[in-house]
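Heads up, the thing below is written out as structure tokens.
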Amino acid sequence: MDINQLTKTAQAIRRDIIKMTTEVNSGHPGGSLSATDIITVLYFMAMRHDPKNAGWPDRDRFILSKGHAAPALYSALARSGYFPVEQLLTLRKFGSPLQGHPEMGKLPGVEASTGSLGQGLSIASGIALAGKLDNKDYRTYVMIGDGESEEGQIWEAAMSSAYYRLDNLTAFIDYNSIQLDGWIRDIMELEPIVDKWKSFGWHVIDIDGHNFNQIIKAIDEAKATNGKPTVIVARTIKGKGVSFMENNVEFHGMAATRDQMAIALRELGE
Amino acid sequence: MSCKRIYGMATRDAYGKALVELGRENPAIVALDADLSKSTKSVLFAKEFKDRFFNMGIAEANMVSTAAGLASCGKIPFVSSFASFLMCKTFDQLRMSVANPHLNVKLVGSHGGISIGEDGASQMAVEDIALACSLPGFVVLVPADELSTMALVKLAAQHKGPVYMRTGRPKAPVIYQQGTDFKIGRANIVREGIDVTVIANGLMVQEAVEAACACSERGIDVRVIDMHTVKPIDKDVIVQSAQTTGAIVTAEEHLLAGGLGAAVAQVVSEQCPVPMGFVGVNDTYAESGTPDELFRKYGLTADNIVRKIEEVLKRK
């Protein structure tokens with residue numbers, strides 16, 4: 001896939017996110033839209049995976065530790081071929097495998113049950129450790145929220161992943177600077193985030209999380225890094241792509257109305 | 001089973017021994033500990049299988065979720081720490097990383113109950129069984145002695161899904177002889193009797209046996225059951241015992257809330273109502289002391305079981 005195709009796919013995923021959350025009038029559009037470009041690169045370019053054989057032992061894994069961004073993950077899975085795109089509109093509805101937050105075993109392609117924040121990096125670290133034990137060359141990717149980084153378990157996992165030299169593990173921080181209650185810097189300052197991860201023994205790359213070239217280059221750099229895990233600090237915009245959602249804390253956990261959806265979809269190229 | 005107490009190995013020592021044997025049989029077995037391997041006895045595995053042992057440092061939450069990741073790739077992780085830290089510190093990790101996806105993680109909490117003794121309340125798990133039983137899909141095991149621990153550790157490894165096993169610090173009285181058959185979810189009747197049934201587990205099995213011996217001298221014939229699996233509980237033996245003996249006393253080294261007694265009572269009240277009595281720690285944290293002193297203070301003794309037996313017989 002070239003940059004042009006990635007851009008089109010990301011826009012399609014963003015439209016899905018808006019449609020899915022408005023349909024059920026619930027969910028987290030803001031943090032899903034900020035995560036979209038990275039998830040698009042992972043599923044449509046970087047990762048080795050087979051939607052027809054979701055349990056393939058040699059597949060690359062992706063863990064969405066910030067489980068509330070589930071709509072972005074579900075859309076990427078559907079558009080990769082794990083399940084029909086039409087099923088996306090069952091998000092959060094009774095009987096649907098598209099649970100409010102991802103649940104392993106309910107939907108093919110979901111690698112962990114997440115949503116209680118702080119656990120995904122540890123799970124990813126266990127998967128990477130198993131890869132080392134079995135001499136397999138699959139890679140494990142995990143996306144952590146910036147607000148989620150306030151959880152102590154993230155730093156426990158940062159410590160152990162570096163100690164066990166898990167260079168097959170790549171973490172993304174979706175750094176959109178907003179958490180549920182407001183701006184991160186007003187609630188629990190994360191900076192200096194690059195220095196923090198470096199001091200924990202990680203290779204750190206600081207990028208614009210909406211720039212496809214930078215995302216691709218960072219993933220390549222992570223693959224080429226030996227002896228330590230890589231964290232990609234991706235500076236993103238909450239609600240990216242929808243003018244009235246961008247940097248708007250209200251859309252952390254609130255869906256657009258039908259009228260707002262129409263505007264959003266127009267802005268997203270429909 | 002003997003009226004006279006004969007000490008064998010502590011259940012934590014038996015766990016360490018069984019884990020090494022499992023490691024030799026199955027390369028998928030891995031072990032994790034949180035800087036307590038010398039106490040939990042996972043150190044025995046660490047010595048023999050250096051590459052398959054991960055000391056995660058004093059970080060139990062990360063240890064449990066890491067084990068979940070390993071299990072999702074086909075490993076069979078045995079995760080050890082003190083029962084208090086393994087269950088109480090990591091409940092959310094157990095819930096979301098392990099129980100929700102029903103992953104094949106085996107959690108072994110050592111130093112369970114108040115028999116850890118002198119270290120005091122912070123190190124004593126008295127809530128661990130209740131926590132483990134509340135997790136959907138979990139199997140919960142409390143072995144009584146060396147032989148039953150060895151057998152149950154191996155059965156736990158064969159079982160597909162999450163298992164919590166509690167082991168203890170002090171030497172455990174010998175209950176079983178070689179050749180005894182064990183099955184997860186099926187209790188062992190360690191002494192037959194017709195007047196009343198005592199259902200116990202862990203160190204309380206021997207107390208129950210001694211209570212039965214004391215009752216026998218007074219003409220009361222006590223059946224003693226080792227309910228080593230608290231979940232799924234052996235309903236058949238409970239119903240059958242209620243029908244045969246008409247009264248039940250439970251005995252456990254755990255809070256009365258949410259443990260063995262509660263699990264038995266749920267079956268009894270629904271399927272075979274008979275008078276019941278409960279021996280366990282009654283809504284309090286214990287304190288420092290020798291295990292014997294603590295067992296006496298909190299009523300975890302053969303004498304107290306005898307008193308409960310007399311009480312339920314009056315209500316029969």
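Cysteines in the protein assembly as shown lacking any other cysteine Cβ under 4.7 Å from their own Cβ: B:C73, B:C88, B:C133, B:C215, B:C272. Straight Cα distances below 19 angstrom link A:K19 to the aspartates and glutamates A:D37, A:E86, A:E246, A:E250, A:D259, A:E267, A:E270, with same-chain residues fewer than 8 positions distant left out. Mean silhouette area of the range B:139-184, derived from the convex hull of its C-alpha atoms and averaged over all directions, reads 3.2 nm². When every Cα-Cα distance of chain A is counted in 5 angstrom steps from zero, the calculated P(r) takes the values 1, 6, 14, 19, 20, 18, 12, 6, 2, 0, 0 percent.
The alpha-carbon of B:K316 sits under 30 angstrom from the alpha-carbons of these lysines, leaving out residues fewer than 8 places away in its chain: B:K4, B:K231, B:K235, B:K297, B:K308.
Out of the DSSP beta bridges found with both residues in the range B:131-285, what percent are antiparallel (nearest 5)?
The antiparallel fraction comes to roughly 25 percent.
Computed extension gain for B:S216 through B:K38, at 0.36 nm per residue and net of the alpha carbon distance, reaches 59.9 nm. Taking amide hydrogens as placed 1.01 Å from N in the peptide plane, the amide H of B:L107 sits under 5 Å from those of B:V79, B:V163, B:Y164, B:M165, each at least 5 positions away in sequence or on another chain. Summarising the amide proton neighbourhood of A:V204: residues at separation of 5 or more, or on other chains, whose placed amide H is nearer than 5 Å comprise A:V231. Tilt of helix A:3-24 relative to the longest C-alpha principal axis of chain A, in degrees (0 to 90, nearest 10)? The helix A:3-24 is inclined about 60 degrees to chain A.
Beyond 22 Å, the tail of the calculated P(r) for the range B:108-235 holds 37 percent of the Cα pairs. Take the alpha carbon atoms of the range A:204-270, find their radius of gyration, then divide it by 2.2 N^0.38 Å using N residues; give the quotient. Working it through for the range A:204-270, the quotient is 1.49. The phi torsions of the range B:275-286, fed into the Karplus equation with coefficients 6.51, -1.76 and 1.60 and a -60° offset, translate into couplings of x, 10, x, 10, 10, x, 7, 9, 6, 8, 8, 8 Hz, rounded to whole numbers, with Gly and Pro shown as x. Apply the Debye scattering formula to the range A:192-235, with a single equal point scatterer on each alpha-carbon and no solvent, then give log10 I(q)/I(0) at q = 0.16, 0.22, 0.24, 0.25 Å⁻¹. So the normalised log intensities are -0.38, -0.69, -0.80, -0.85.
Using the Cα coordinates of the range A:112-253, the gyration tensor eigenvalues translate into equivalent-ellipsoid semi-axes of 26, 16, 14 Å, sorted from longest to shortest.
Taking a Cβ cut-off of under 9 Å around B:C215, the surrounding Lys, Arg, Asp and Glu residues balance to a net charge of -3, with basic ones at +1 and acidic ones at -1. For the range B:8-61, the calculated P(r), taken from all Cα-Cα distances in 10 Å bins from zero up to the bin holding the longest distance, is 27, 55, 18, 0 percent.
Mean residue ellipticity, 222 nm, helices only, chain B: the sum of -39500 (n - 2.57) across DSSP H runs of n ≥ 4, divided by residue count and rounded to 500, is -11000 deg cm²/dmol. Size descriptor for the range B:192-316, Kirkwood hydrodynamic radius: 14.2 Å (Cα pairs only, one decimal).
Per residue, the Cα convex hull of the protein assembly as shown amounts to 154 Å³.
Over chain A, DSSP H runs of length four or greater, each weighted -39,500 (n - 2.57), average out per residue to a 222 nm ellipticity of -12000 deg cm²/dmol.
Beyond 21 Å in Cα-Cα separation lie the following of the pairs A:K106/B:K160; B:K50/B:K171; B:K41/B:K171; B:K160/B:K183; A:K8/A:K217; A:K136/A:K223: B:K50/B:K171. Taking the 0 to 90 degree range and rounding to the nearest ten, how far is the long axis of helix A:120-133 tilted relative to the main principal axis of chain A, both from C-alpha atoms? Roughly 40 degrees, rounded to the nearest 10. Separation of the range B:79-97 and the range A:86-105 by C-alpha centroid, Å? That distance is 28 Å. Sparsely packed loop sites in the range B:253-316 (the GluC sites (Glu not before Pro) outside DSSP H, G, I, E and B with at most 15 other Cβ atoms within 10 Å) comprise B:E287. Loop-resident trypsin sites (Lys or Arg not before Pro) (DSSP state other than H, G, I, E or B) in the range B:86-160 with no more than 13 further Cβ atoms inside 10 Å of their Cβ: B:K160. Need one number: the % of Cα-Cα pairs in the range A:136-216 sitting beyond the 23 Å mark. Of the Cα pairs, 23 percent sit more than 23 Å apart. Think of the range A:52-183 as having a plus end and a minus end, set by charges on the Cβ of Lys, Arg, Asp and Glu; of A:I127, A:Q179, A:W56, A:W56 sits farthest toward the positive end of this dipole. If you take the alpha carbon atoms of chain B and fit the smallest convex hull around them, that volume is 114 Å³ per residue. With a cut-off of 13 Å between beta carbons, the residues surrounding A:G253 carry a summed charge of +1, where Lys and Arg count +1 and Asp and Glu -1.
Based on alpha-carbon centroids, what's the gap between the range A:182-196 and the range B:138-194 in Å, whole number please? Cα centres, the range A:182-196 to the range B:138-194: 49 Å. Taking a straight line from the alpha carbon of B:K154, these aspartates and glutamates sit under 20 Å away, with near neighbours fewer than eight places off in the same chain left out: B:D13, B:E21, B:E25, B:D33, B:E48, B:D145, B:E146, B:D181, B:D226, B:D234.
Taking each residue as 0.36 nm, the span from A:N248 to A:T90 lengthens on full extension beyond its C-alpha to C-alpha distance by 54.3 nm. Given the range B:178-260, what whole percent of its Cα pairs are spread farther than 17 Å? That fraction is 44 percent.
Subtracting the Cα-Cα distance of B:T244 and B:K50 from their residue separation scaled by 0.36 nm leaves 64.7 nm.
Against chain A, whose longest principal axis comes from its Cα atoms, helix A:258-267 is set at around 60 degrees. The GluC sites (Glu not before Pro) of the range A:126-230 that DSSP puts in a loop, and whose beta carbon has at most 12 other beta carbons within 10 Å, are A:E189. The accessible area of B:T284, taken with all protein chains in place and a 1.4 Å probe, comes to roughly 50 Å².
Semi-axes of the range A:17-131's equivalent ellipsoid from the Cα gyration tensor, sqrt of 5 times each eigenvalue, largest first, rounded to whole Å?
For the range A:17-131, the semi-axes come out at 21, 16, 13 Å.
Computed from phi, the 3J(HN,Hα) profile of the range B:117-128 under the Karplus parametrisation 6.51, -1.76, 1.60 (θ = phi - 60°) reads x, 5, 5, x, 4, 4, 9, 9, 7, 10, 10, 4 Hz, with x in place of Gly and Pro. Rounded to the nearest angstrom and listed largest first, the equivalent-ellipsoid semi-axes of the range B:1-115 from its Cα gyration tensor are 24, 18, 13.
The values are calculated or read from the model by the stated rules, or taken from the named source; none is laboratory data. Source: prediction; values computed, not measured. Counting neighbours? That spans all protein chains shown, and the Cβs are built from the backbone with ideal geometry, glycine included. Quick note on the areas: whole protein, heavy atoms, side chains included, nothing else; ligands and nucleic acids left out. Shrake-Rupley method; radii C 1.70, N 1.55, O 1.52, S 1.80 Å.
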